[in-house]
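The values are calculated or read from the model by the stated rules, or taken from the named source; none is laboratory data. Just so we're clear, the structure is a prediction, and the values are computed from it rather than from any experiment. Cβ placement follows ideal geometry from the backbone for every residue including glycine, while neighbour counts extend to all protein chains displayed. Remember, those area values only see protein heavy atoms, side chains included, never the ligands or the DNA or RNA. Shrake-Rupley method; radii C 1.70, N 1.55, O 1.52, S 1.80 Å.
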Amino acid sequence: SRRGLLLGAGGTGLAVTAGAAFGLGRGTAPQPDPEDLLHGSQKIDFYGHRQAGIETPAQAHAVLIAMDLNKGIEGEDARRLLRLLTDDAARLTQGLPALADTEPELAARPARLTVTFGFGRHLVKLLNPDKVPDWLKDLPEFEIDDLDPQLCGGDLMLQLCGDDPIALAHARRMLLKDARAYASPRWMQDGFRNARGTQSEGSTMRNLFGQVDETVQPSKDEDGKEFAVWGHPPAGSSPSLRPWIEGGTSLVVRLISMDLDGWDELARSGKEASIGRDLRVGAPLTGTAEHDEPDFDAKTPLGFPVIEDFAHIRRAHSQAPEEQILRRGYNYDRPPQGDGRISDTGLVFLSYQADVTRQFLPIQQRLAEGDRLNEWTTPIGSAVFAIPPGCAPGGYIGDSL
Ligand code: HEM
């Protein structure tokens, strides 16, 4: 049905509609074009006040590309680069080849491709030194970190997401080709979630520890998302969060390695205790369904807390109205590194919020000070980016700076 297709298509911003596909006008016999119904044909609007790829229901695959601007690049060069990359992204996300595309056939099926731009401190400074937000810098060092400098920072970040790894690989190559006169790759990381169609739309993903991950999000209602991601307080409440620029937000990237071999040694009950939720459906240990509210005061018959003091969800749980983040993570799974382990696995943890200092940092601080998960997880990469607003046709990402 039209409704089913629209829901299946993931809601807002999607350009393919069943009306178009079935030719729902009067008179002519409606003939669906089977090609239009494939996941590959689905497109997410590129132009708009806000960039796509943040609230867009998460696609199955992602590639993050962090680049450094080449020596000698100045504001005008940076603007030229952003114009070029905006043009590429606008075309590729709509199933059109980039200018001088060497493999145009690979662009034909974007499969909900989005390209989201993030700016490091150096780039914002080049574009408009008055606009650099205070929080746009490296996070403070945490004791749990074992950061590889090669997996940190960057002047320009492109978050590519899509349901088809081929479209993604092609977009990555075209964007890098066009960027290379101005910038060089600093780090790159790909990731994946459940493949499209393997579970019903809107289900919460699982990470490679087997946990249901990203249940608690600020997006439960529209007001919550506006507040947490875009800094717009709900009507009637006093404003306490402001975006660094209207239509913009921030992204914290943490590459977190997950010790699956160590995790394997834990009994199921230990795994569940460390997070405070069950593995079967992701219900809090005080409930039965995924979205049940955890009861942090509940005690066992012996008087111990049912959700342990250092369980991940107790430590991560919001302690203030503004302490909310939109998580949009991806799993990674690389070949073993020859250290005797059979996997090199982790999470590309992506957190969107209006203000890094007031929203992300207090949560990260608490987790760094005490979280049972820390025994099996180690942050190895870290970066903070200012996410500029989207742009209108004819404009480019960053033009409002
Ligand atoms: C909740 C896994 C790192 C913030 C959860 C949940 C899981 C999980 C399974 C419970 C379900 C849910 O609501 O999503 C992990 C893993 C991590 C990790 C495996 C590292 C590899 C982090 C980091 C942060 C964070 C670095 C932020 C600094 C949160 C928040 C919640 C949460 C805010 C919701 C807490 C609540 O119930 O209110 N995480 N997480 N997590 N996590 Fe993590």
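So, in segment 327-349, of the ones that are more than 10 Å from the ligand (Cβ to nearest atom) and touching a residue at least 24 places away in the same chain (Cβ under 8 Å), which residue ends up surrounded by the fewest Cβ atoms within 10 Å (Cβ to Cβ)?
342
From the residues in segment 260-281 that are closer than 23 Å to residue 144 by Cα and open to solvent by 50 Å² or more (accessible area, probe 1.4 Å), which one is nearest to the ligand (Cβ to nearest atom)?
264
Which pairs have Cβ atoms under 7 Å, sit 6 or more apart or on different chains, and link a residue in segment 156-175 that is under 25 Å from residue 382 (Cβ atoms) and at pLDDT 95 or above to one that is among the small types (Gly, Ala, Ser) and part of a helix (DSSP H, G or I)?
That search, which allows pairs on different chains as well, returns 160/171.
How many residues does segment 65-113 contain that are among the hydroxyl-bearing types (Ser, Thr, Tyr) and modelled with pLDDT under 95?
Going through segment 65-113 one residue at a time, the tally reaches 1.
Sort out which residues of segment 296-316 are under 12 Å from residue 372 (Cα atoms) and either within 28 Å of the chain's Cα centre (by Cα) or surrounded by 13 or more Cβ atoms within 10 Å (Cβ to Cβ) (or both), and write them in order of number.
If the condition is that a residue be under 12 Å from residue 372 (Cα atoms) and either within 28 Å of the chain's Cα centre (by Cα) or surrounded by 13 or more Cβ atoms within 10 Å (Cβ to Cβ) (or both), then 307, 308, 310, 311, 312, 313, 314, 315, 316 are the ones that fit.
I'm trying to understand the selection: among the residues of segment 282-308, which are more than 9 Å from the ligand (Cβ to nearest atom) and touching a residue at least 60 places away in the same chain (Cβ under 8 Å)?
Listed by number, the residues that qualify are 291, 308.
Quick one: would you say residue 247 is assigned to a helix (DSSP H, G or I), in contact (Cβ under 8 Å) with a residue 12 or more places away in the chain and over 21 Å from residue 376 (Cβ atoms)?
no
Among the residues that make up segment 243-259, is at least one of them open to solvent by 40 Å² or more (accessible area, probe 1.4 Å), among the small types (Gly, Ala, Ser) and within 15 Å of the ligand (Cβ to nearest atom)?
no
Could you say whether any residue in segment 133-142 is aliphatic (A, V, I, L, M) and assigned to a helix (DSSP H, G or I)?
no
Go over the candidates 206, 186, 180 one by one and state the one that is surrounded by fewer than 17 Cβ atoms within 10 Å (Cβ to Cβ), at pLDDT 95 or above and either away from the ligand (no atom under 16 Å from the Cβ) or basic (Lys, Arg) (or both).
Selected residue: 180, the only one of 206, 186, 180 that is surrounded by fewer than 17 Cβ atoms within 10 Å (Cβ to Cβ), at pLDDT 95 or above and either away from the ligand (no atom under 16 Å from the Cβ) or basic (Lys, Arg) (or both).
Could you identify the single residue in 89, 98 that is outside any helix (DSSP H, G or I), closer than 25 Å to residue 189 by Cβ and open to solvent by less than 10 Å² (accessible area, probe 1.4 Å)?
Going through 89, 98 in turn, just one is outside any helix (DSSP H, G or I), closer than 25 Å to residue 189 by Cβ and open to solvent by less than 10 Å² (accessible area, probe 1.4 Å): 98.
Going through segment 354-368 one residue at a time, which ones are assigned to a helix (DSSP H, G or I) and either open to solvent by 10 Å² or more (accessible area, probe 1.4 Å) or without any contact (Cβ under 8 Å) to a residue 60 or more places away in the chain (or both)?
Selection gives 357, 358, 361, 362, 363, 364, 365, 366, 367, 368.
Can you pull out the residues in segment 369-401 that are open to solvent by 20 Å² or more (accessible area, probe 1.4 Å) and part of a helix (DSSP H, G or I)?
369, 372, 374, 375
Those residues that are more than 16 Å from the ligand (Cβ to nearest atom) and either surrounded by 19 or more Cβ atoms within 10 Å (Cβ to Cβ) or not in a loop (DSSP other than H, G, I, E, B) (or both), I need them from segment 189-203; list them, please.
Residues satisfying the conditions are 190, 196.
Name the residues in segment 209-228 that are farther than 21 Å from residue 251 by Cβ and open to solvent by less than 40 Å² (accessible area, probe 1.4 Å), would you?
Selection gives 209, 210, 211, 212.
From 328, 358, which residue is out of contact with any Lys or Arg (no Cβ under 9 Å at 6 or more places or on another chain) and closer than 25 Å to residue 150 by Cα?
It is 328.
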